[in-house]
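Report on the following structure.
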Amino acid sequence: MANENSAITRATFDDVILPVYAPAQFIPVKGQGSRVWDQQGKEYVDFAGGIAVTALGHCHPALVSALKQQGETLWHTSNVFTNEPALRLGRKIIDATFAERVIFMNSGTEANETAFKLARYYASTRYSPYKTKIIAFHNAFHGRSLFTVSVGGQPKYSDGFGPKPADIIHVPFNDLHAVKAVMDDHTCTVVVEPIQGEGGVTAATPEFLQGLRDLCDHYQALLVFDEVQCGMGRVGKLFSYMHYGVTPDILTSAKALGGGFPVSAMLTTQEIASAFHVGSHGSTYGGNPLACAVAEAAFDIINTPQVLGGIQSKRQRFVDHLRQINEQFNIFSEVRGMGLLIGAELSEAYKGRARDLLNAAAEQGVMVLNAGPDVVRLAPSLVVEDADIDEGMARFAKAVQKIALG
Ligand SMILES: *Cc1c(COP(=O)(O)O)cnc(C)c1O
């Protein structure tokens, strides 16, 4: 066994996996809280959080316990039978949000695919078969299926896969006039990330989201919030729509929802949900008991004043460190985002080097993310300890120093 394991190296990746990723040179083998260890036993502070997924850190005892308990009880039923963990989780989500109905899927992509299909179906069955236009935004990211890359606003992810689904229009983010110019009675939905994640960690302005709400009401279009990355406590409220005080018609959640176990959800009202009927949509695994048991345990911890109330001061601690680093090296032009979704835009002299900084950081023993070539992104555990923040940022400062001094 030990021999088999030692034969697995980073080089194996290129021999085995499709060449769609460029993973780090080291392979993580163990995690605990906000620390991760690689095959060589080197330790890292984790500010990447598996891309905003491990919101309670690695191997949180409550999640491990839920997984073990459900793993010894019932793994899978399919949608031919319902199951208790899914019903309990669904009830809790409904009690805590605007939603009156929920459907579980397995990934952010699938939750969004469900949302876009529902919005089209609702409009075409309730109003007109010609009410099909989807308005979305430049730099948006909504997933990797053909429909979701097409609604996403980054052509590099959708080009070459055509013909693409039709009647999708992209306009600049945070530009209400641009939306007004293309919105009409044929619009079935406006799809937006309240805080764009992959696109560069850019928060919507409150006026923008309120304006979208008003336009959707005026044109009888559904407002979809993709909270796959910015939801589940990341901004200090359970969902970011609560922070903005603007309620969508449909909301999608994934990433942190399962704390690392694949699961996603689409939330909506009873009225909109009722457009679907038996057979309209589905998933074999969606709402799987294992996934929902872990997600329920994560939900019970995240949706508490202790966790949500700690986000702002943790953010401040990160931002203070970034400021200090910047005073010394002048490497960032802006620090932005909300809560524990933090983006630091590289200044002119360092444009395009986010990935270099990522690698330098890993070398110093801290895992961070990028969001495009010019933005360093942090999406740590929501319960990251102050001592881990300080240690990780000290390591990050060394990485910045290496980049800055060449
Ligand atoms: C990650 C992400 C998705 C896609 O989720 P997957 O689980 O990778 O399919 C969709 N929308 C947003 C905003 C995301 O950040």
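The values are calculated or read from the model by the stated rules, or taken from the named source; none is laboratory data. Source: prediction; values computed, not measured. Because the Cβ atoms are built from the backbone with ideal geometry, glycine has one as well, and the counts that use them run over all protein chains shown.
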Report summary line: Within region 163-187, of all residues that are in contact (Cβ under 8 Å) with a residue 24 or more places away in the chain and in contact with a Ser or Thr (Cβ under 6 Å, 6 or more places away or on another chain), the one surrounded by the fewest Cβ atoms within 10 Å (Cβ to Cβ) is 167
Query raised in the report: within 13 Å of the ligand (Cβ to nearest atom), assigned by the TED database to the domain that holds residue 223 and at negative phi - does that describe any residue in region 121-136?
Result: yes
Requested in this report: Taking residue 77 as the residue in question, decide whether it is polar (S, T, N, Q), over 13 Å from residue 287 (Cβ atoms) and at pLDDT 95 or above.
Outcome: no
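Residue by residue, here is whether (1) away from the ligand (no atom under 16 Å from the Cβ); (2) among the acidic types (Asp, Glu); (3) in contact with a Pro (Cβ under 7 Å, 6 or more places away or on another chain) holds:
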{"site": "153", "(1), (2), (3)": "no, no, no"}
{"site": "171", "(1), (2), (3)": "yes, no, no"}
{"site": "177", "(1), (2), (3)": "yes, no, no"}
{"site": "185", "(1), (2), (3)": "yes, yes, no"}
{"site": "188", "(1), (2), (3)": "yes, no, no"}
{"site": "197", "(1), (2), (3)": "no, no, no"}
{"site": "206", "(1), (2), (3)": "yes, no, no"}
Query raised in the report: Quick one: is residue 107 within 26 Å of residue 263 (Cβ to Cβ), touching a Lys or Arg at 6+ places or on another chain (Cβ under 6 Å) and either away from the ligand (no atom under 15 Å from the Cβ) or of a type in the set (Ser, Thr, Tyr) (or both)?
Result: no
Query - Criterion: part of a loop (DSSP other than H, G, I, E, B) and within 23 Å of residue 265 (Cβ to Cβ) - qualifying residue of 143, 162 - result: 143
Report task. Tell me, yes or no, whether region 287-300 has at least one residue that is within 13 Å of the ligand (Cβ to nearest atom) and either farther than 20 Å from residue 98 by Cβ or in a helix (DSSP H, G or I) (or both). Result -> yes
Report summary line: In region 217-267, anything more than 15 Å from the ligand (Cβ to nearest atom), touching a Pro at 6+ places or on another chain (Cβ under 8 Å) and assigned to a loop (DSSP other than H, G, I, E, B) is listed as 245, 246
Query raised in the report: Does residue 388 fit the bill of being surrounded by fewer than 20 Cβ atoms within 10 Å (Cβ to Cβ) and at pLDDT 95 or above?
Result: no
**Report entry** Filtered residues of region 201-238 (kept if over 23 Å from the mean Cα position of the chain (by Cα) and buried (at least 24 other Cβ atoms within 10 Å of the Cβ))
**Finding:** 221
Report summary line: A careful count of residues in region 110-120 that are out of contact with any Leu (no Cβ under 9 Å at 6 or more places or on another chain) and more than 10 Å from the ligand (Cβ to nearest atom) gives 4
**Report entry** Qualifying residue in region 137-150 (condition: more than 16 Å from the ligand (Cβ to nearest atom) and either at pLDDT 95 or above or not assigned by the TED database to the domain that holds residue 238 (or both))
**Finding:** no
Query raised in the report: Does region 320-336 contain at least one residue that is part of a loop (DSSP other than H, G, I, E, B), of a type in the set (Gly, Ala, Ser) and at pLDDT 95 or above?
Result: no
Report task. Evaluate region 155-164: report whether one residue or more is charged (D, E, K, R) and within 15 Å of the ligand (Cβ to nearest atom). Result -> no
Query raised in the report: Among all residue pairs at least 6 apart or on different chains, which show Cβ distances below 8 Å where the first residue, located in region 261-276, is farther than 13 Å from residue 102 by Cβ and the second is of a type in the set (Ser, Thr, Tyr)?
Result: 262/107; 275/121; 275/122; 275/125
Query raised in the report: Which of the residues belonging to region 111-142 are among the charged types (D, E, K, R) and in contact with a strand residue (DSSP E or B) (Cβ under 6 Å, 6 or more places away or on another chain)?
Result: 120, 131, 133
Query raised in the report: Where in region 38-118 are there helices (runs of 4 or more DSSP H), lying wholly inside it, with at least 3 residues that are in contact (Cβ under 8 Å) with a residue 60 or more places away in the chain, within 25 Å of residue 378 (Cβ to Cβ) and outside the structural domain of residue 143 (by the TED database)?
Result: 49-52
Report task. Keeping to region 251-295, report how many residues are under 20 Å from the mean Cα position of the chain (by Cα), of a type in the set (A, V, I, L, M, F, W, C) and surrounded by fewer than 24 Cβ atoms within 10 Å (Cβ to Cβ). Result -> 1
Report summary line: Inside region 102-112, the number of residues satisfying the requirement of being crowded, with 24+ Cβ neighbours inside 10 Å and more than 19 Å from residue 53 (Cα to Cα) is 1
